[in-house]
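Below: the structure, in structure tokens.
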Amino acid sequence: MTDYKNIKLERQDGIATLTLNRPERLNALTVEMGKELNDAIEEVKSDLGSRVLVLTGAGRAFCAGEDVKERPADSSGTREQQTPLSKLARGPASLMRFADNFRTMNKPTVASVNGYAVGQGLSIALACDIRIASEEAGFGAIWTRRGIPPESSGAYLLTQLVGPAKACELIFLGKLIEAKEAEKIGLINQMVPGSQLPEATQEMARNLADGPPIAIGISKMMIYQALETSLAVHSRLEFFGQDYSFNTEDREEGIQSFLEKRPARFKGK
């Protein structure tokens, strides 16, 4: 397992937990941190022993977005601007890769939102498949407050979750909403008291890790493809997914466990 400077990656019993670990900066993202995060995601992707990825933040915030203080100062003391093109020029560590990395992972991802998730922090939470949030959490599409449109696929992800009308309201006004409203509009799956967040997250992750990895991975692909394809194309994808899983050991175990009235023991084979 790789040692990282700005994040922690822990793995136990099929659950990989990735913690953004710059609490003194509210886990604001730097270029180095972005590279580490992308590298850790790739590490979990290729780890056959990890069946689910949990993402959370250390301290009192989930992620405060990009750390603008990281930008170098010029001779006048003014912070240099980092344009989207300059970010892309930094190569594969670009902060813009998060959404694609999470969505293409054939394992379920859970955002355990322990505090505020704003800007790119919001995008990271939205890119996960399931979001569980503390009552103390908050969500902010604050880009327009800084005079810029959303980045890191924020507008794309937010529109998919809450619809265009609500996305327009949140983004145009740069609104910061609390967990209760986020749950009401479907931005998060579940809100719990802060003291219960670790337990609720662990329960969700355990249920996912105990599930059939092949069927869940194919289902994830089908769900997100359904947002972008026609019914006819989706039906063909469904057929191939069913055909692939039909001869797996997990399918046989699913049937046998049902007949024997016992919990299934899926192996991902």
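The values are calculated or read from the model by the stated rules, or taken from the named source; none is laboratory data. The structure displayed is predicted, hence computed values, not measured ones. Glycine gets a Cβ as well: all are built from the backbone with ideal geometry, and neighbour counts include every protein chain shown.
Go through the stretch 45-61 and count every residue that is under 16 Å from Val118 (Cβ atoms) and part of a loop (DSSP other than H, G, I, E, B).
Number satisfying all stated conditions: 2.
Mind telling me which of the residues Thr159, Thr201, Thr144 ends up being within 16 Å of Tyr224 (Cα to Cα) and either of a type in the set (Val, Ile, Thr) or in the same structural domain as Tyr224 (by TED's automatic domain parsing) (or both)?
Unique residue meeting the criteria: Thr159.
Would you confirm whether or not the stretch 55-63 contains a residue that is more than 23 Å from Ile216 (Cβ to Cβ), surrounded by fewer than 18 Cβ atoms within 10 Å (Cβ to Cβ) and free of Cβ contacts under 8 Å to residues at least 40 places away in the same chain?
no
Residue check: is Gly121 assigned by TED's automatic domain parsing to the domain that holds Pro198, over 29 Å from Met222 (Cα atoms) and either of a type outside the set (Asp, Glu) or modelled with pLDDT of 90 or more (or both)?
No.
Considering each residue of the stretch 199-224, count those that are under 25 Å from Ala141 (Cα atoms), surrounded by fewer than 16 Cβ atoms within 10 Å (Cβ to Cβ) and of a type outside the set (A, V, I, L, M, F, W, C), and give that number.
Number of matching residues: 1.
Taking the stretch 196-242 on its own, how many of its residues are over 18 Å from Val110 (Cβ atoms) and either acidic (Asp, Glu) or touching a Leu at 6+ places or on another chain (Cβ under 8 Å) (or both)?
Adding up the residues that qualify gives 5.
Where in the stretch 187-269 are there helices (runs of 4 or more DSSP H), lying wholly inside it, with at least 1 residues that are closer than 30 Å to Gly115 by Cβ, of a type in the set (Val, Ile, Thr) and out of contact with any His (no Cβ under 8 Å at 6 or more places or on another chain)?
Qualifying helices (runs of 4 or more DSSP H): 197-209, 213-226.
Of all residues being not acidic (Asp, Glu) and not in a strand (DSSP E or B) in the stretch 15-30, which is farthest from Gly49 (Cα to Cα)? Just the residue, please.
Arg25
Out of everything in the stretch 103-137 that is among the charged types (D, E, K, R) and outside any strand (DSSP E or B), what residue ends up being nearest to Gly14 (Cα to Cα)?
Lys107
Table: residues versus (1) hydroxyl-bearing (Ser, Thr, Tyr); (2) at pLDDT below 65; (3) over 10 Å from the mean Cα position of the chain (by Cα).
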{"position": "Leu53", "(1), (2), (3)": "no, no, no"}
{"position": "Gly57", "(1), (2), (3)": "no, no, yes"}
{"position": "Gly65", "(1), (2), (3)": "no, no, yes"}
{"position": "Ala73", "(1), (2), (3)": "no, yes, yes"}
{"position": "Ser94", "(1), (2), (3)": "yes, yes, yes"}
{"position": "Tyr116", "(1), (2), (3)": "yes, no, yes"}
